[in-house]
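What follows is one structure encoded as structure tokens, with my remarks underneath.
FYI, it's all coordinate maths here, none of it is from the lab. Bear in mind the structure is a predicted one, so any value in this text is a computation, not a measurement. Don't worry about glycine lacking a Cβ; one is built from the backbone with ideal geometry, like all the others, and counts go over all protein chains shown.
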Amino acid sequence: MKKLRLFIPISVFLLTAVFLYKGLFSDPTDIKNANLEREFPEFELPNLMDESHIYNKADLLGEVTLVNVWGTWCVTCRVELPFMTQLRNQGVRIVGVYYDNAAEAAFGNVNLAKTQAEVEQMLAQLGNPFQFNIYDVKRDLSLDLGVTGAPESFLIDQNGVILAHRRGAIDERVWQQQFQPLIERVQ
Amino acid sequence: MCKFIFSLLAWTFFWSQSVYALEQTYPFDDVNKSKVFDELTQELRCPKCQNQNIADSNAMVAIDLKNKTYELVKEGNSKQQVVDFMVARYGNFVHYDPPINSVTIWLWVIPVMILVLLIVVMLRRKKEAGPKIDDNYLAQAEALLAQAEQKNTKATKQDKEA
């Protein structure tokens, strides 16, 4: 019994060490998402390229869809565009939500024509993964989705339930580990 | 002292400036609503720049959250309603005062557990610590000490006389 007690300090030390070691490599941006397993929020927003065309939630339903929040001003979005285009060619339906940093007075005035030109140029250059782009004029939809920046991606099923949420770029590894199994499960 | 007063003044000055700036950008007719808004922007945490509240941050998402908070407070939502609105979208992370649930309860329980454990260990130690003293030994030791002292005083007396 006496000998056993000698192990208490070392086991406390080991437990603390493991806990702290794990904390050292934890991702601070990996906040548990409140939206998971929830319905995609309702919205009514125009097409980025054609303001007269208004989309709503119904346009996203029917098949598994990857909703990608992005912007031409965002460097990481550039990085994931080519891989996303590959995904589209494999038959994944990807819809863009354009997260405009110009829509707030503090960042300057909105110049939609300029944005459209930038988008066209960038997509021609790096690949166009999007079936269509929703223009999140005041970032209301992004706020309802709990978006903290760009890029962020949401995988939603046929009925509009959010299956996965990724903060940051999607690459081959993330897709295989996090998204592929979910798609296989719902299909 | 002078330094202290100066820094206090400087601090008050800058603090009042920041409050003033917020009031200009987000004007309220109702003083109570203005107070609720100030409290909320202090308590809501910026989800992007994680060590700042949304009042202090100029990240795009923090500005969006500030605007939304302003809108909601202006519409007459209570403080709790706004907090609930944000938590529904950004999770408990977004509020600096997390609710007690199965995960956060440990933040309260563990320190208390450690404190109790320490008290128990300390009390036990104290009981064990006191060495058992034999009264006979003590008497002997005291006698020896007294003898030694007597010798000592005698010796010093002789020295003086000599």
Measure of size requested: the Rg and Dmax of chain A, with Cα atoms as the atom set and Å as the unit; please supply both. 20.9, 80
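Which ordering of A:Ile54, B:Ile54, B:Ile119 is given by a fewest-first count of other beta-carbon atoms within 10 Å?
B:Ile119, A:Ile54, B:Ile54
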I want the local charge near B:Ser57. Using Cβ-Cβ distances under 10 Å, sum +1 for each Lys or Arg and -1 for each Asp or Glu among the other residues. +2
Candidates A:Ala164, A:Ala17, A:Ala58, ranked by Gaussian network fluctuation over chain A, Cα under 10 Å, top entry: A:Ala17
Past the 17 angstrom mark, what percentage of all C-alpha to C-alpha distances in segment B:69-162 do you count? 76
Skipping prolines and chain starts, which residues have an amide H placed within reach, meaning under 5 Å, of the one on A:Val147, given they are 5 or more residues away or on another chain? none
What residues have an amide H closer than 5 Å to that of A:Val97, excluding those fewer than 5 places away on the same chain, when H is modeled at 1.01 Å from N in the peptide plane? A:Asn68, A:Val69, A:Trp70, A:Ile134
Given Cβ point charges of +1 (Lys, Arg) and -1 (Asp, Glu) and nothing else, what value in debye, to the nearest 20, does the dipole of segment B:23-162 about its Cα centre take? 600
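Would you work out the relative contact order for segment A:48-173, in percent, from Cα pairs under 8 angstrom that are 6 or more residues apart?
Values: 202 pairs, mean separation 47.4, N = 126.
About 38 percent, as a whole number.
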Past the 32 Å Cα-Cα mark, which pairs from A:Lys138/B:Lys35; A:Lys3/B:Lys127; A:Lys22/B:Lys35? A:Lys22/B:Lys35
Karplus-derived 3J(HN,Hα), 6.51/-1.76/1.60, for each residue of segment B:31-46, Hz, glycine and proline x: 5, 5, 4, 4, 5, 4, 4, 4, 4, 5, 5, 7, 8, 7, 9, 6
Neighbour net charge for A:Gly127 - beta-carbon separation under 12 angstrom, K R +1, D E -1: +1
Using a 10 Å cut-off around each Cβ, can you sort A:Trp175, B:Trp106 from fewest to most neighbouring Cβ atoms? B:Trp106, A:Trp175
Report, by chain and number, residues whose modeled amide H sits under 5 Å from the one on B:Asn53, excluding near sequence neighbours (fewer than 5 apart, same chain). B:Cys46
Hey, if you drop one equal point scatterer on each alpha-carbon of the protein assembly as shown and run the Debye formula without solvent, what base-10 log of I(q)/I(0) do you get at q = 0.10, 0.12, 0.14 Å⁻¹? -0.80, -1.02, -1.21
Could you please rank B:Tyr70, B:Tyr90, placing first whichever residue has the fewest other Cβ atoms within 10 Å of its Cβ? B:Tyr70, B:Tyr90
Ellipticity estimate at 222 nm from DSSP helix runs (n ≥ 4, -39,500 (n - 2.57)) divided over the protein assembly as shown, nearest 500: -17500 deg cm²/dmol
